[in-house]
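No lab work stands behind these numbers, since they all come straight from the coordinates. Nothing here was measured: the structure is a model prediction, and the numbers come from that model. With ideal geometry, Cβ positions are generated from the backbone for all residues, glycine too; neighbour counts draw on all protein chains shown.
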Ligand SMILES: [Zn+2]
């Protein structure tokens, strides 16, 4: 019995490396360091690429003119390319009424369906023009409303790298891979995704990240591994519900 439980824990413990804000202008020094690290340990991360980056916050970073060649080369290595918003410009306030109640500003939440559909469609077209395959999406600032999800579904994007819980789950024919913590944390149980923002890294950040990756390298999974762990059984739903409730409480009291 204990062995079965141990095996269950082991096969349901893993972390997908999700890197946010991949665009022409970004912290390329850190990206190159990460790329070498991933190569040496045979890690295949998920990169959130902004198809039409207009976020002025990123302009201070170095620009690469061969950006899309780079994206294609990552995909060729088996790294997963996800769509991270369209322009990454926030033009709506959520007032915590967004789908996950995260709050903060949004590129999608609160816009009518047509506007959201057009943004997602244009983003997907850019990837198509650049010969890059997209199977997943995550919104800037984690902010969605129902129209975002309906628009994604109608355009054939069924995988969202966001959500509460400890196990990937399906809801209304959409798959959610949970993303819980701002810092890289390895939980003793659960399938998680990180959120890594290279543009805000300090000189020390890569060393800390390298230590985390090296220490947990056996638990790092790919996007396909995460999809294979989707589980809607009673026990998974129960623990996902528990995480949602406790994280919401933590946020309220922070
Ligand atoms: Zn972002």
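Just a few scattered comments:
- The stretch 150-168 residues near the modelled residue 185 label - backbone nitrogen below 20 Å, point 7 Å along Cα→Cβ: 161-168
- For the stretch 1-75, relative contact order (Cα pairs under 8 Å, six or more residues apart, normalised by length) works out to 41 percent.
- Cβ crowding within 10 Å averaged over residues, with 59-66, 151-158, 138-145 ranked highest first: 138-145, 151-158, 59-66
- If the segment from residue 172 to residue 76 were pulled out straight at 0.36 nm per residue, it would be longer than the present Cα-Cα gap by 31.4 nm.
- If R0 is taken as 35 Å, the Cβ-Cβ distance between residue 237 and residue 59 corresponds to a FRET efficiency of 0.20.
- When 149, 54, 124 are arranged by Cβ crowding within 10 Å, least crowded first, meaning fewest neighbours, the order is 54, 124, 149.
- For the chain, a Gaussian network of Cα nodes joined below 10 Å ranks 83, 186, 31 by mean-square fluctuation, and the top entry is 31.
- Relative contact order [Cα under 8 Å, 6+ residues apart], the stretch 88-197, whole percent: 20
- Dividing the convex hull volume of the alpha-carbon atoms in the chain by its residue count gives 133 Å³ per residue.
- P(r) tail fraction, the stretch 110-254 - alpha-carbon pairs more than 26 Å apart, %: 34
- Across all directions, the shadow cast by the convex hull of the stretch 106-187 built on its C-alpha atoms averages 6.0 square nanometres.
- In nm, spacing of pseudo-spin labels at residue 66 and residue 150 (7 Å Cα→C-beta vector): 4.5
- Centre separation in Å (Cα based) which lies between the stretch 96-119 and the stretch 4-29: 25
- Highest-MSF residue in the chain out of 167, 50, 150 [GNM, Cα springs under 10 Å]: 150
- Contact order relative to length of the chain, as percent, for alpha carbon pairs under 8 angstrom and 6 or more apart: 24
- Pairwise label distance in nanometres, residue 121 with residue 32, each label 7 Å out on the Cα-Cβ vector: 4.1
- Dimensionless Rg ratio for the stretch 170-212, taking C-alpha atoms and the 2.2 N^0.38 Å reference: 1.47
- Antiparallel bridge percentage (DSSP; both residues within the chain; nearest 5): 25
- Separation of alpha-carbon centers, the stretch 158-199 and the stretch 76-90, rounded to whole Å: 16
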